[in-house]
């Protein structure tokens, strides 16, 4: 009962892209990155540290770096995957 109530509350909360200030407060935490113009990159979890969001994959085709200076232009981050990202394939 309590678990389903927590899930319903979480789903009811908005999941807007993080503001740059919110992103900076998540140093060393995972964020869900959605590329805006990267044709080869796919949405997925990254670690944000020192102004860079990076995947934990060691395989070159699946490892990406997203720089803070490009935030809002080439990529955005969320606390959790947006609903649109559930439909996207994620090989990570």
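Scanning region 25-44 for residues that are modelled with pLDDT of 90 or more and assigned to a strand (DSSP E or B) gives 29, 30, 31, 32, 33, 34, 35.
With the requirement that a residue be surrounded by fewer than 17 Cβ atoms within 10 Å (Cβ to Cβ) and touching a strand residue (DSSP E or B) at 6+ places or on another chain (Cβ under 7 Å), what does region 39-50 give you?
45, 47
Candidates 84, 22, 16: the one that is part of a loop (DSSP other than H, G, I, E, B) and modelled with pLDDT of 70 or more is 16.
The values are calculated or read from the model by the stated rules, or taken from the named source; none is laboratory data. As the structure is a computational prediction, the values presented were derived from the model and not from experiment. Counting neighbours? That spans all protein chains shown, and the Cβs are built from the backbone with ideal geometry, glycine included.
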